[in-house]
Structures are given as C-alpha cells and as structure tokens.
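Reading through the structure tokens given below for one structure.
The values are calculated or read from the model by the stated rules, or taken from the named source; none is laboratory data. Because the structure is predicted, anything quoted here is derived from the model rather than measured. For neighbour counting, all protein chains shown are included, and Cβ atoms are generated from backbone atoms with ideal geometry for every residue, glycine included. Heads up: the accessible areas ignore ligands, DNA and RNA and are worked out on the full protein's heavy atoms, side chains in. Shrake-Rupley method; radii C 1.70, N 1.55, O 1.52, S 1.80 Å.
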Amino acid sequence: MLSKKIQAALAGSSAIRAMFIEGKELAAKVGAENVFDYSLGNPATPAPDSVKRVVADLLEQEDPLVLHGYMSNSGYEDVRSAIAGNLNRRFGTDFTWKNIVMTVGAAGGINIIFKTILDPGDEVIVFAPFFGEYRNYAANFDASVVAVAPDYNTFQPDLAAFEAAFTEKTKAVLINTPNNPTGVIYSEETMNGIAEILRRKEESYRTDIYLISDEPYRELVYDGAKENFLTKYYHNTIVGYSFSKSLSLPGERIGYIAVPDGASDAEDLLAGLEVANRTLGFVNAPSLIQKAVAGCINETTNLEFYDKNRKDLYEGLTKLGFTCIKPQGAFYLWLKSPAADEAEFVAAAKKYNLVLVKGSAFGCGGYVRLAYCIPNEKINRSLEAFAKLAEEYGLVKQDGGEHTGA
Ligand code: PLP
C-alpha cells in the first residue's frame, strides 16, 4: 500500500510530463521528425563547448579523490567562491562563499529552502500562472501554495490580489521572473510593489516573510532587457538558481542558493539549508558538475537560438490569428486558447502532431504553454500545422500586428 501523499501525487501527476510522454508515443507512431513537441523545457541547444573542455581538464588534472568525493553538504568552497564573485561583479552584491549553497538544480534548491523554513500548515504565496511543481514541493512539507491571479492584460501579478492573499500562516512568497510559463519579465513597478507589500505585511504580522526568487531563466532575456537580481528590492530575499537552462545542463542537476547577510536569521538559514541538503538525501550537489560550472561561470547559453525561435513562433502564430503574450524572457510562449476549455484545444492540436501543455497545469486555465526550446526548423514547420488548427477554429489571419494582451 502506497502512502496517502504519494497516492495523491500520482493522481495529480505532472501535466507537463504527461504531455511529454504523449509526444513520445506520437513520435513512435508518426516519426519523431513529424512531431512538434512543445511540452518540456529541455534545451535543444547544447551546453557551450567550454563545458566539455572544462570537464575533460577536470578529469585529467583534478585529484579524483577530491573530484568524486564527498565535501561539505553545501558544496565545495572554491566553487561557492567563484559563484559569489560572479554575482558580486554582475549585480554589486557582497557575497562570500559562505552565502552560497550548491543544490541539486532549482528543484533541489526550492525543496531545501522549504524544508528549512516551512512548518506543517504554512502557506507560500505564488503568482499564477506558476510552475506546477511548486505545489508538490510545498506538499512535501505539509504546507500549501496560495495562488494569486494575474492581471490578464499583462500577466504581471495583480498587486491588490497579492495584498489580499496574506494570512498569519504566510511564510514565504515564491516568485519566478523571467516567468515559466508566460515568458513575462516582472517590471520594476511590479517588483517595487511586491517589496512594499512584503515590508508592510512583515510589520503587521510581526514576523519574517521570505521572498524566494526562483531564477532558472535569469540570463534568458530579449530585446535589450537587463538581467535582474532580486535581492535589491527586499531584505528577506533568498535566490535559487539553476544551470539547467543557462548552460543547457538539466540532466546534470546543478544549481545554487544565495542568502544575503541582510536576510533574517541568515546564518541559521544557511546552516539549515546545509542540514536539509543532507537529510533530504541529496547529501551534496553532484561533485564533478559543481567544479565544471565554476570553470564556466562566465559562459551563457546561445541566446540567439532562443531569440530566433521566439520571433519566428510569436510572429507566425499572431499572423495566423492566435492571441499570444509576447515573450520577453525564458523560452515559453503563452497562448490564449481559442476554445473555452483549453483541454479541448490541446486535444485538437494533437491531431496535427502539435504537443502543447494545458494552462491549468500552471494554475491558469484558458491558456496553453509552448516551450520553444526546440530546433528552429521544427518551429517553422510547425506553423503549417498551426495554420490548420487556426482554420479549424475559424481564426482570422492578421497582418503581423503585435498582440501584447489577452
Ligand atoms: N523552476 C522553474 C520555474 C522551472 O521552469 C524549472 C524547470 O523547468 C525548475 C524550477 C526546475 O529546474 P531544475 O532543472 O534546475 O531543477
């Protein structure tokens, strides 16, 4: 007999993974080259060449007992120093290695943060639409997420709804910008508004409320947008980062957490994260790839690859008459379902070998998400399939004007 928790998790299993499996089944039937699989955020552009070179050098030159050995549960000190230095140079922070904890990706990072700060019954506010796994991560610690509806014109958080979502159980607010699934970057106005409300709520509830910034897409920004680092808005900000997307290393499971000295109980928090890394069974982030990312710390992914996909897909879809939010960052496009029930639209798309993910998987029905981290030729070929889908829904072709709202 399975535990009640895992039975519940099985029942509500990830819609993204489910579509990924459907995509694979479809590929077995019609051939992988004919399937336009927009389901999973798995980068189709490889890790920079330097990753290969650094790994080869490490294998050749590093003491294998160090390279493959256990280390502090928070990671190698030289790796944490390299990350602290990189953040300080780019964002004017003043981290040392002590502020950094190496994690098993962003997923491992969020789980150890939750383990460190959440008690059963606690609430974490998230902004819809949001990465659906947050719900499962909170449930791991018998806590829950409270979703705040967006402003449907811009997909920025609705600050009045945010303010109304706090209770005495609110322990943290979890934010993700550039955003999965919308591709929206939260504006300065939004960030200042969130910080202001958090400060007020800390005061009125006389407690610490952490802002957790989940930043796997920090560097994936377009049209001249600047990379942002959120600790400058609010003192109690904990940053979780991942190299899954920025270096195309999702299977390697590597990321980090940065805790500023100004956060409440910063030292205890860092000690707690270290213990949580151990007791959740991660023990430490994988050793070889820790050293590898430190050696490639100034590298980024092939931004032009995603930017071209973004432009081709957005322009192609809007010309066909679809309504999309113009992505500003990450590698996702958020499209308004022409059918009231987006599940029906996802099923219709599948007839043309288009694999999309329902917005309800992100706490926001009526939309679908496309992960455009796939080869560019697939994006362009998929537009023929989208044209048939548009015809099925009677959409009117546009002359390429920009749609930024819903
Ligand atoms: N957070 C967000 C918003 C994501 O989109 C993802 C992965 O797609 C993760 C966290 C998990 O990333 P990682 O592979 O680093 O665990």
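Assorted remarks:
- Residues being closer than 24 Å to residue 329 by Cβ and either within 11 Å of the ligand (Cβ to nearest atom) or open to solvent by 10 Å² or more (accessible area, probe 1.4 Å) (or both) - total across the stretch 158-181: 11
- Every residue from the stretch 86-112 that is away from the ligand (no atom under 16 Å from the Cβ) and either open to solvent by 20 Å² or more (accessible area, probe 1.4 Å) or aromatic (Phe, Trp, Tyr) (or both): 88, 89, 90, 91, 92, 93, 94, 95, 96, 97, 98
- Unique match (being open to solvent by less than 30 Å² (accessible area, probe 1.4 Å) and away from the ligand (no atom under 16 Å from the Cβ)) among 264, 246: 264
- In summary, residue 155 fulfils each of the numbered conditions (1) touching a residue at least 24 places away in the same chain (Cβ under 8 Å); (2) more than 30 Å from residue 4 (Cα to Cα); (3) more than 15 Å from the ligand (Cβ to nearest atom) with the single exception of condition (3).
Residue by residue, here is whether (1) modelled with pLDDT under 95; (2) within 25 Å of residue 397 (Cα to Cα); (3) in a helix (DSSP H, G or I) holds:
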position	(1), (2), (3)
276	no, no, yes
284	no, no, no
300	yes, no, no
309	no, yes, yes
343	no, yes, yes
349	no, yes, yes
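- On inspection, residue 140 passes the criterion of being within 15 Å of the ligand (Cβ to nearest atom), surrounded by fewer than 18 Cβ atoms within 10 Å (Cβ to Cβ) and farther than 17 Å from residue 230 by Cβ.
- Residue match in the stretch 323-340 (condition: free of Cβ contacts under 8 Å to residues at least 60 places away in the same chain, closer than 21 Å to residue 156 by Cα, in contact with a helix residue (DSSP H, G or I) (Cβ under 8 Å, 6 or more places away or on another chain) and assigned by TED's automatic domain parsing to the domain that holds residue 377): yes
- Residues located in the stretch 327-346, provided they are away from the ligand (no atom under 16 Å from the Cβ) and either aromatic (Phe, Trp, Tyr) or touching a Lys or Arg at 6+ places or on another chain (Cβ under 9 Å) (or both): 335, 337, 342, 343, 345, 346
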